[in-house]
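Trainee: First the structure, then my questions, so here it is.
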Amino acid sequence: MLRVGVMVSGGGTNLQAILDAIDGGSITNASVQVVISNNPGAYALERAKSHGIEAVCLSPKSFPDRAAFNKALLEKVNEYQLDLIVLAGFLVTIPPEMIKEYRGRIINIHPSLIPSFCGVGYYGLKVHEAALARGVKITGATVHYVDEGVDSGPILLQKAVEVKEGDTPEVLQRRVMEEAEWKILPEAINRIANGERSGS
Ligand code: GRF
């Protein structure tokens, strides 16, 4: 059984997709041991609790400096003996010590087809604003392993999504979530849980 930890900062719809896929049997051999947020107000924490999953908040603001936060985050993650860490809308830079210790065992969902619209500054709605500004006709989402760079690790899965006439960033964001993110993130976890390993 793959022991999964999910790290979140916001609404947690990707977390919900993972929990639904486990309940519905499209993810097998995996269980979510903990959900960790940097943001005490993250609705994702409520989703975890109402699923009977431990929900932990570690806010950088409660620590004297980033090094102290990074240390506490790694210690917290280590407590759960996780096989896989899933970044599902986690807006905090993963400490280098954690990347080193969990190399090949951290995945992230990014709402574009990497290498388009990724890297420093491309997060949340900004990704979709940039895609619309460039006028691409196809966008999508990517699940990739996390390395020391920003959105630079090996790609595990991608799914394309059509951009439609009149799309706003919000409309496009929603379509990318529904048609791509909520599908490929659970699928990636299922693949890893059932033997696929790469990116390490
Ligand atoms: C998603 O768009 C994801 O791709 C990005 O952050 C957003 C998280 O949304 N990394 P949610 O919290 O899962 O609803």
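Trainee: Could you size up the charge dipole of the chain around its Cα centre, putting +1 on the beta carbon of Lys and Arg and -1 on that of Asp and Glu, and report it in debye to the nearest 20? Display every interim value, and only then the final one.
Mentor: Details: 20 positive and 23 negative charges, 32 e Å.
With Lys and Arg at +1 and Asp and Glu at -1, about 160 debye.
Trainee: Aspartates and glutamates within cross-link reach of K164: Cα-Cα under 14 Å, excluding same-chain residues under 8 positions apart?
Mentor: Cα-Cα hits under 14 Å: E129, E179.
Trainee: Take every DSSP beta bridge with both residues inside region 2-193 and express the antiparallel ones as a percent of the total, to the nearest 5. Walk me through the intermediate numbers first.
Mentor: Values: 11 of 29 bridges.
Within region 2-193, antiparallel bridges account for around 40 percent of the total.
Trainee: For K49, which lysines qualify as cross-link partners when the Cα separation must be under 18 Å and same-chain residues fewer than eight apart are set aside?
Mentor: K49 reaches K76.
Trainee: Now, a different point. Compute the angle between helix 13-24 and the longest alpha-carbon principal axis of the chain, please, reported from 0 to 90 degrees and rounded to the nearest 10.
Mentor: The answer is roughly 70 degrees.
Trainee: Check the straight Cα-Cα distances from K71 and name the lysines below 18 Å, setting aside those fewer than 8 residues away within the same chain.
Mentor: K61, K100
Trainee: HN-Hα J couplings of region 134-142 from phi, Karplus 6.51/-1.76/1.60, θ = phi - 60°, integer Hz, Gly and Pro as x?
Mentor: 3J(HN,Hα) across region 134-142, in whole Hz: 7, x, 5, 9, 10, 10, x, 9, 9.
Trainee: As a test of the formula, what do you get for the chain when each DSSP H run with n ≥ 4 contributes -39,500 (n - 2.57) and the sum is divided by the residue count, at 222 nm and rounded to the nearest 500 deg cm²/dmol?
Mentor: Values: 7 runs with 69 residues, N = 200.
Helices in the chain give a 222 nm mean residue ellipticity of -10000 deg cm²/dmol.
Trainee: Can you give the accessible area of R174, probe radius 1.4 Å, in Å² rounded to 10?
Mentor: Result for R174: roughly 120 Å² accessible.
The values are calculated or read from the model by the stated rules, or taken from the named source; none is laboratory data. Keep in mind it's a predicted model, so treat the numbers as computed, not measured. A quick note on method: Cβ atoms are made from the backbone with ideal geometry, for glycine too, and the neighbour counts reach across all protein chains shown. Note: areas computed on protein heavy atoms with side chains; ligands, DNA, RNA excluded. Shrake-Rupley method; radii C 1.70, N 1.55, O 1.52, S 1.80 Å.
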